[in-house]
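Here is the structure we will look at, set down as structure tokens.
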Amino acid sequence: MSTLAYDGTAMLGRQLRRIRHNPGLVILTQTMPVTMLLFFGYVFGSALAMPGEEYRAFLVPGLLVATAANGIMTAMFQAAQDSHRGVMDRFRTLPMSRAAVPLGQAAADVVVMAAGTVPFLLVGLAVGWRIQGSVLEAVGGVGLLLLFRFATTWVGILLGLASQSEEAAGQLGGATFILPLLSNAYIPTDNLPGWLRAIAEWNPISAVTTALRDLFGNAPVPDEGAWPVTHPLAGSLAWCAVLIAVFLPLAVRRYAMGHLPSVK
């Protein structure tokens, strides 16, 4: 086994043990999407031009992708916490691959996301959501969702390492809640003003959400709109590739640099 694979696996185990010893965070991250599904599905559905069950079927893929995008916030806070408390400095003194620590965090985050997807989908089935496509397409949709989570996690790791402060990471992470609001995760974008619709449709969350709805058979691909939502699978893969290509090497480089001197 290569050094990176061995060290990365060790860091994956460390991150999973860390999560296991923080049950409050696990409960919050697992129950929040379910709570939002029940609240939005029964409150917003009555205010939109969709029957309640139809809106809940529309909403489930959107909430799945919004939860995946939340990897920015969770990864940011965990990386900032380890950096602020000196854990990263201790890891840097060990003879291990510089990419192993952030890679282990990203992999653990995907594992937790995969585990949390199961109860969410069960609740979705209970409120009327159904997979209308093939099993293979549904499996592909879940795979795409986890790939998107992996991609967004690297954004959070970089921002967390750069902030070097749990408080700053917490405040900045809270701002990420606006990202799903500027997408088609919760509402259709057809009736939005032109400029706002363009922003929403070029949001990576919109491309992945549209791809999931198509793979699950919950909604057809729109004929009009920005390229990522009219070609959602290609757009989703392109967005994931860009995020990983840009933020993974930057996060690894930032981790290797250690603490930057403060400016007074």
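Search segment 116-160 for residues being within 21 Å of Met76 (Cβ to Cβ) and among the small types (Gly, Ala, Ser), and hand back the single one that is modelled with the highest pLDDT.
Ala151
Of all residues in segment 97-119, which are among the charged types (D, E, K, R) and assigned to a helix (DSSP H, G or I)?
Correct list: Asp109 only.
Collect the residues in segment 113-162 that are buried (at least 16 other Cβ atoms within 10 Å of the Cβ), farther than 30 Å from Met88 by Cα and among the basic types (Lys, Arg), keeping them in residue-number order.
Within segment 113-162, no residue meets the criteria.
Please work out which one of (1) closer than 20 Å to Tyr6 by Cα; (2) in contact (Cβ under 8 Å) with a residue 60 or more places away in the chain is the condition Leu94 fails and give its number.
With respect to (1) closer than 20 Å to Tyr6 by Cα; (2) in contact (Cβ under 8 Å) with a residue 60 or more places away in the chain, Leu94 is out only on (2).
Could you run through segment 196-236 and say how many residues are of a type in the set (Lys, Arg) and over 19 Å from the mean Cα position of the chain (by Cα)?
Residues that pass the stated criteria total 1.
For the condition of a type outside the set (Gly, Ala, Ser), surrounded by fewer than 21 Cβ atoms within 10 Å (Cβ to Cβ) and part of a helix (DSSP H, G or I), what is the one hit in Leu215, Leu233?
Being of a type outside the set (Gly, Ala, Ser), surrounded by fewer than 21 Cβ atoms within 10 Å (Cβ to Cβ) and part of a helix (DSSP H, G or I) holds for just one of Leu215, Leu233, which is Leu233.
What's the number of the condition Ala185 fails, among (1) in contact (Cβ under 8 Å) with a residue 60 or more places away in the chain; (2) surrounded by fewer than 24 Cβ atoms within 10 Å (Cβ to Cβ); (3) hydrophobic (A, V, I, L, M, F, W, C); (4) not in a helix (DSSP H, G or I)?
Here Ala185 meets the rest and fails (2).
So, of the residues in segment 69-83 that are of a type outside the set (A, V, I, L, M, F, W, C) and assigned to a helix (DSSP H, G or I), which turns out to be nearest to Pro204 (Cα to Cα)?
Gly71
The values are calculated or read from the model by the stated rules, or taken from the named source; none is laboratory data. Note that this is a predicted model, so its numbers are computed, not measured. As a convention, Cβ positions derive from the backbone with ideal geometry for all residues, glycine included, and neighbour counts pool all protein chains shown.
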